[in-house]
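Since every read-out is calculated from the coordinates, none of them should be taken as a lab result. Given the structure is predicted, the values throughout are model-derived calculations rather than measurements. Neighbour counts run over all protein chains shown; Cβ positions are idealised from the backbone, glycine included.
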Ligand code: GLN
């Protein structure tokens, strides 16, 4: 495996792809290319078999309750065990909304359907009639790079983390995990789970680079990404934070 080529898996690209989540893959690729690094993207859909041990980074987008229910049988055909093993092996994962919920124990939809998910992380999700919708912002914890992230959320699910499970960050504006405990997302092993669509990465370059570095560092602990001129991206980020939180962060 080349040290400069990152192997990225896009899991369920056709079923879990809400609100431009695919743009996160483009962002990963482009920010690597701007530094003379490469990404090889492998799409893994329902019914495909994949060797998760060969990937550095696994991306899972969001989907509606219907798509999540459709995926249950595919997960049970072996991907559940393989994904869990990849996570325990320290593979880097970015999972958005429905993809994030899928890593937990279960999701009970607002109309009472119980989706038993893969249980890779001790968290669960309960659907409510009232959705959390809108632009939102959160501050990542130190272990997740500490940057301020701004994105868009639209979910009925309220997610609750098990005891000792760390959130990705703390809410500055919006709902986040459940609209009540001030947490957003999850940070477990090298997994970054978030409710942030958008796509989230293009206007949050620091967060994107933190995830990329996490993936490279599993192979080489001294790896650092060279800085880029992010003036345009930062301007987009700062403008949105100002609009959503009311001040520049
Ligand atoms: N179906 C889930 C919910 O509404 C996830 C939605 C999403 O991925 N945007 O909670």
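Based on the mean of other beta carbon atoms within 10 Å per residue, what is the order of 218-224, 24-30, most packed first?
The packing order, highest mean first, is 24-30, 218-224.
If you take the alpha carbon radius of gyration of the range 119-158 and divide it by 2.2 N^0.38 Å, what ratio comes out, to two decimals?
1.44
Given points 7 Å out from each Cα along the Cα-Cβ axis, report the residue 143 to residue 53 separation in nanometres with one decimal.
2.7
Which of rounded, prolate or oblate describes the range 36-94 when judged by the alpha-carbon gyration tensor and an a/c cut-off of 1.5? Numbers along the way, then the final one.
Working: a/c = 1.93, a/b = 1.49, b/c = 1.30.
Prolate, because a/c is 1.5 or more and a/b exceeds b/c.
Report D for the range 90-191 in µm² per second (integer): Stokes-Einstein, Kirkwood Rh on Cα pairs, 4 °C, 1.567 mPa s.
Answer, rounded: 95 µm²/s.
Mean separation of Cα pairs under 8 Å and 6+ residues apart, divided by the residue count of the range 1-158: what relative contact order is that in percent?
Value for the range 1-158: 18 percent.
DSSP beta bridges in the range 1-122, what fraction antiparallel, as a percent rounded to 5?
15
What share of the DSSP beta bridges in the chain is antiparallel, in percent to the nearest 5?
Just about 55 percent of them are antiparallel.
What's the Cα-based Rg to Rh of the chain, Rh via Kirkwood?
Result: Rg/Rh = 0.94.
Taking only the Cα atoms of the range 1-66, how large is their convex hull per residue, in Å³?
Considering the Cα atoms of the range 1-66, their hull volume per residue is 74 Å³.
Hey, can you rank 114-127, 9-22, 231-244 by average C-beta count inside 10 Å, highest first?
Output ranking for 114-127, 9-22, 231-244: 9-22, 114-127, 231-244.
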